[in-house]
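The values are calculated or read from the model by the stated rules, or taken from the named source; none is laboratory data. Please read all numbers here as calculations on a predicted model, not as lab measurements. Every residue, glycine among them, receives a Cβ derived from its backbone with ideal geometry; neighbour counts consider all protein chains shown. Ligands, DNA and RNA are stripped out before the accessible areas are found, and what is left, the full protein with its side chains, is counted by its heavy atoms. Shrake-Rupley method; radii C 1.70, N 1.55, O 1.52, S 1.80 Å.
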Amino acid sequence: MKAIKSVDIFGIRFPILDYELTLQLFQEWIASGQAHQVCIANVHTTVACLTDHELRDISNNALSTMDGLPLVWYAKLVHQASIKTRVCGPDLMLKCLDHGQQLGWRHFFLGGKDEVLTDLVANIHKRYPQAELVGWHSPPFRPLSAEEDHQLVDLINAARPDFLWVGLGAPKQEKWIAAHLDRVHVPVQLGVGAAFDFHSGHIKRAPLWMQKSGLEWCYRMAKDRRLVKRYFSTNPVFLLRFTWDFLQIRVLKRSAVTS
């Protein structure tokens, strides 16, 4: 595959991807058998990387995708990048399940409550009857002991999945994958946040028009008041940085060239 162009957003390197290119990349990873991490980034996690240097390093060592539309807007307006679409975690998960039916791709789900995983697996079997679901596990919310952690790694490796879908919430899921990448022998490892809740039917996703207009966060915040603090602590920071970078790179530099 040709080299993929990338843009920098707040110190995070984002390759310019669409779903088709991402699926091609995953197919190459699976053929190689080497473990890779994917970070599905939104405004919250991107802003968090400004102060969380561990998460920033993880994001730059992984394949980071633009989950949130504001990141796509930033790439287009600040860097004039040519981007067809965002690569959204819940949608990417469904595309991998569908595309992998004919390729024998094997999937393991880690995270979420037992009832969420039960309904998730049932829904996927109905929608993608040929998808190979080789395992799922709901870990306790407390930190695992060394023995429990070893057993979990053995459980995943024994199932021989091609995809490890981790729904532990950000940034816990990204840090868990990074800490286990050398021991969990799965080619594609992704943190997908609320995707388990969406696809299990336990949480209703925002209407399509809100997803396409970048307002999905408003819908989620209205449905879950716990997200209010998150969005109001990171969204203003993103907006200010976005405006500053646009003025610095697009407006002021353009003025300097024409003067």
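Quick check on my link table: of Lys5/Lys172; Lys84/Lys113; Lys76/Lys204; Lys84/Lys212; Lys126/Lys175; Lys76/Lys212, which ones sit more than 24 Å apart, alpha carbon to alpha carbon? Could the numbers behind the result be given before it?
Numbers: Lys5/Lys172 28 Å; Lys84/Lys113 35 Å; Lys76/Lys204 30 Å; Lys84/Lys212 13 Å; Lys126/Lys175 32 Å; Lys76/Lys212 16 Å.
Cα-Cα > 24 Å for Lys5/Lys172; Lys84/Lys113; Lys76/Lys204; Lys126/Lys175; rest within.
Per-residue HN-Hα couplings for segment 103-110, Karplus 6.51 cos²θ - 1.76 cosθ + 1.60 at θ = phi - 60°, whole Hz, x for Gly and Pro?
Per residue, the Karplus-derived 3J(HN,Hα) values read 9, x, 5, 10, 10, 10, 10, 10 Hz.
Just read off the accessible area of Thr118 with the full protein assembly in place, 1.4 Å probe, to the nearest 10 Å².
Counting only protein heavy atoms, Thr118 exposes about 90 Å² to solvent.
Report the relative contact order of segment 105-227, percent, no decimals, based on alpha-carbon pairs under 8 angstrom and at least 6 residues apart.
29 percent
Compute the length gained on full extension between Phe232 and Leu155: take 0.36 nm times their separation in residues and subtract their Cα-Cα distance, giving the result in nm to one decimal. Intermediate values should be presented prior to the final figure.
On the way: separation 77, 0.36 × 77 = 27.72 nm, distance 3.90 nm.
Result for the pair: 23.8 nm of gain on full extension.
For Ile16, what residues show an amide H to amide H distance below 5 Å, using hydrogens built from the backbone and excluding near sequence neighbours?
Close amide H contacts, sequence-distant or interchain: Lys5, Ser6, Val7.
Tell me the trypsin sites (Lys or Arg not before Pro) within segment 156-259 that lie in a loop according to DSSP and have at most 16 other beta-carbon atoms within 10 Å.
Arg183, Lys204, Arg225, Arg226
What Kirkwood radius, in Å to one decimal, follows from the Cα pairs of segment 1-45?
That comes to 12.1 Å for segment 1-45.
May I ask you to derive the relative contact order of segment 94-174, considering only C-alpha pairs under 8 Å and at least 6 residues apart, and to give it as an integer percent? Working shown, then result.
Numbers: 90 pairs, mean separation 35.0, N = 81.
The value is 43 percent.
For the chain, which whole-number percentage of the solvent-accessible area (1.4 Å probe, protein heavy atoms only) is attributable to carbon and sulfur atoms?
C and S atoms contribute 55 percent here.
Tell me, what is the Rg over Rh of the chain, with Rh the Kirkwood radius over Cα pairs?
Radius of gyration over Kirkwood radius for the chain works out to 0.98.
Could you work out the relative contact order of the chain? I mean the mean sequence separation of Cα pairs under 8 Å and 6+ apart, divided by the number of residues, in percent.
23 percent
I'd like the antiparallel share, as a percent to the nearest 5, of DSSP beta bridges with both residues in the chain.
15 percent
Could you report segment 1-123's accessible area per residue, 1.4 Å probe, as an integer in Å²?
That works out to 43 Å² for each residue.
Among rounded, prolate and oblate, which fits segment 77-196 when a ≥ b ≥ c are the square roots of the eigenvalues of its C-alpha gyration tensor, a/c under 1.5 means rounded, and a/b larger than b/c means prolate? Before the final figure, lay out the partial values.
On the way: a/c = 1.69, a/b = 1.23, b/c = 1.37.
Cα axes put segment 77-196 in the oblate bin.
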